[in-house]
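Below you'll find the structure, written out as structure tokens, and then a few comments.
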């Protein structure tokens, strides 16, 4: 009988890298988000990944430079609609749940919800008024 390993909490830089890399891989290959993330991969991918590692390390582990990084740099990846934002959030949450369990994992999902709310507000202000 095969034993399923228990999940651990987000504790190290390696865990942050796993979270970011897995999420970005999924998003790049996703039918709804793939175009945005694929364009970012061609243009700004190393910078984007570095800023994500830094941001999440600072946010969840209190490690790294105080400035952290932009959670979703506008010049790199910005979900285009409410559907994109909701889909990104579901993808983020499922990625966390597949790899981690604990207080930091829950905090990551909470921060992602806050980011999604903020992005939704920003995007709604950018829409032209007819």
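The values are calculated or read from the model by the stated rules, or taken from the named source; none is laboratory data. None of these values were measured; they are calculated from a predicted model. When we count neighbours, we look across all protein chains shown, and the Cβ atoms used for this are built from the backbone with ideal geometry, even at glycine.
What to note about this one:
- Among the candidates 67, 106, 86, the residue that is surrounded by 13 or more Cβ atoms within 10 Å (Cβ to Cβ) and either over 24 Å from residue 13 (Cα atoms) or at pLDDT below 80 (or both) is uniquely 86.
- Looking only at the range 30-40, and only at residues there that are touching a helix residue (DSSP H, G or I) at 6+ places or on another chain (Cβ under 8 Å) and surrounded by fewer than 18 Cβ atoms within 10 Å (Cβ to Cβ), the one that is farthest from residue 112 (Cα to Cα): 38
- The one condition from (1) surrounded by 15 or more Cβ atoms within 10 Å (Cβ to Cβ); (2) over 23 Å from residue 110 (Cβ atoms) that residue 27 does not meet is (2).
- Any hit, the range 111-121, residues being within 12 Å of the chain's Cα centre (by Cα), surrounded by fewer than 16 Cβ atoms within 10 Å (Cβ to Cβ) and either at pLDDT below 80 or closer than 26 Å to residue 9 by Cα (or both): yes
- The set of residues in the range 30-58 being more than 16 Å from residue 108 (Cβ to Cβ) and touching a residue at least 40 places away in the same chain (Cβ under 8 Å) consists of 30, 32, 33, 36, 37.
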